[in-house]
Amino acid sequence: MELLSYISVCKNNGLIIFDALPAGELQTGRRLYSNVTDHTSAIGRNGYCTRYRVSSAASLHAYFMSVLMECRSGVLKPILHFESHGHPEKGLYIADSDEYVAWAQLQEWITQINQATRNHTGVVVAACHGFGLSNGLQVSSPSPFNFLVAPNVEMSAGIFEDTMSKFYKVVAATGDLATGLSSLPEDMRLIVAGEWFYSHLSRYLIHHHTQKDRQEMLEQSVSNQMEKEPDLNRAQRRLRVKQVRKHTKKRLNDPNAIARNFAKIFFHGDPPIESQNFQDYVKANKELRR
């Protein structure tokens with residue numbers, strides 16, 4: 001089988017810690033901030049780490065908006081780190097206000113920051129079931145993060161405390177995510193959004209992009225477009241349907257156009273792989289199946 005080479009690039013220049021742990025528990029967020037700040041100051045990266053003490057869902061959102069403004073100004077490309085408890089269905093727990101922020105809501109806020117940094121935002125969740133932030137990824141929607149590191153199970157605070165500082169010291173000093181990950185426990189899972197995107201899109205184009213699939217997509221696409229133009233009279237509507245159908249059919253029959261369109265959306269305008277390389281990969285593997 002032909003292989004597609006992909007190298008993920010995330011130009012991180014800051015660590016933002018959102019600390020929502022209760023005051024009476026092990027303060028891993030405060031310890032992490034202290035350790036990383038001491039290390040980054042020693043290597044000349046002053047101001048690399050910022051810690052926000054989260055007291056409510058409203059305060060978390062306010063901190064997000066502050067970070068978003070920095071990102072939109074071009075100053076910051078962060079790793080967003082969450083210190084909290086988590087629930088598989090309810091989301092991230094804010095201890096001081098006894099609130100949960102749903103994973104889907106958190107993902108929506110993070111997506112705004114990733115869009116502002118043009119897919120240079122990493123996310124690390126030191127909270128049980130934090131991998132819930134990866135739910136709902138779609139090739140047809142903007143990616144919420146460049147990468148996510150989080151557990152999909154229950155984990156103790158002590159495990160996070162023992163490993164997170166080592167991880168960030170490596171990342172801050174060298175930018176080497178793979179080496180940093182080697183210091184984390186096995187239950188901390190990694191998803192690189194770009195790898196996920198190309199894996200899922202290529203699998204669809206190789207195994208499922210049939211004439212029947214294209215016809216169904218064509219009808220749905222035409223229907224969606226015409227719903228946006230409800231004020232046309234009968235003659236205008238007939239002409240418009242013909243135009244939309246012709247344009248959409250041409251696009252759906254071209255895997256290169258499909259990949260280019262979805263990649264531009266998913267990667268916030270900057271696809272990391274040339275569309276021709278991806279097209280060659282899909283074509284070669286499709287031929288192997290014949």
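The values are calculated or read from the model by the stated rules, or taken from the named source; none is laboratory data. Keep in mind that what you see is a predicted model, and the values were worked out from it rather than measured. As a convention, Cβ positions derive from the backbone with ideal geometry for all residues, glycine included, and neighbour counts pool all protein chains shown. Areas reflect the complete protein model, heavy atoms only, side chains present, ligands, DNA and RNA absent. Shrake-Rupley method; radii C 1.70, N 1.55, O 1.52, S 1.80 Å.
In the chain, the longest principal axis of the Cα atoms and the axis of helix 103-116 are about 80 degrees apart.
Length gained on full extension, Arg53 to Arg237, computed as 0.36 nm times the residue gap minus the Cα-Cα distance: 60.7 nm. Using a Gaussian network model of the chain in which every pair of alpha carbons under 10 angstrom is joined by a spring, one finds that among Thr163, Thr37, Thr210 the greatest mean-square fluctuation is at Thr210.
Taking the Cα centre of the stretch 182-235 as origin and assigning +1 to Lys and Arg Cβ atoms and -1 to Asp and Glu Cβ atoms, the resulting dipole is close to 180 debye.
As I understand it, the value is the acute angle between the Cα axis of helix 193-207 and the longest principal axis of the Cα atoms of the chain; what does it come to in degrees, rounded to 10? Relative to the chain, helix 193-207 is tipped by roughly 30 degrees.
In this structure the chain gives 52 Å² per residue of accessible area when probed at 1.4 Å with all protein chains present. In a reduced charge model with +1 at each Lys and Arg Cβ and -1 at each Asp and Glu Cβ, the stretch 21-91 shows a dipole moment near 140 debye about its Cα centre.
Every helix of 4 or more DSSP H residues in the chain counts as -39500 (n - 2.57), and over all residues that averages to -16000 deg cm²/dmol at 222 nm. Compared with the dominant principal axis of the Cα atoms in the chain, helix 211-227 is inclined by about 80°. Sorting 188-201, 21-34 by average packing, meaning the other beta carbons within 10 Å per residue, from highest down gives 188-201, 21-34. Dipole orientation for the stretch 52-156: of the candidates Ser66, His87, Ala150, Ser66 has the Cα lying most toward the positive pole (charges on Cβ; Lys, Arg +1; Asp, Glu -1). Comparing Thr111, Cys49, Ser141 along the charge dipole axis of the chain, the residue lying farthest to the positive side is Ser141, per the Cβ-charge model.
Charge dipole of the chain (Cα centre as origin; +1 on each Lys and Arg Cβ, -1 on each Asp and Glu Cβ, all else neutral): 1860 debye, rounded to the nearest 20.
Rounded to the nearest 5, the antiparallel percentage of DSSP beta bridges internal to the chain is 35%. Ordering Ala178, Tyr198, Val222 by the projection of their Cα atoms onto the charge dipole of the stretch 165-238, which places +1 on the Cβ of Lys and Arg and -1 on the Cβ of Asp and Glu, puts Val222 at the extreme positive end.
When all protein chains stay in place and ligands, DNA and RNA are ignored, the 1.4 Å accessible-area order of Lys166, Lys77, Lys250, largest first, is Lys250, Lys166, Lys77. The distance separating the Cα centre of the stretch 104-140 from that of the stretch 204-275 comes to 27 Å. Annotation: amide H of Val124 within the under-5 Å range of Leu80, His81, Phe82, Val149, sequence separation 5 or more or interchain, hydrogens built in the peptide plane. Rolled with a 1.4 Å probe across the full set of protein chains, the surface gives His129 an accessible area near 30 Å².
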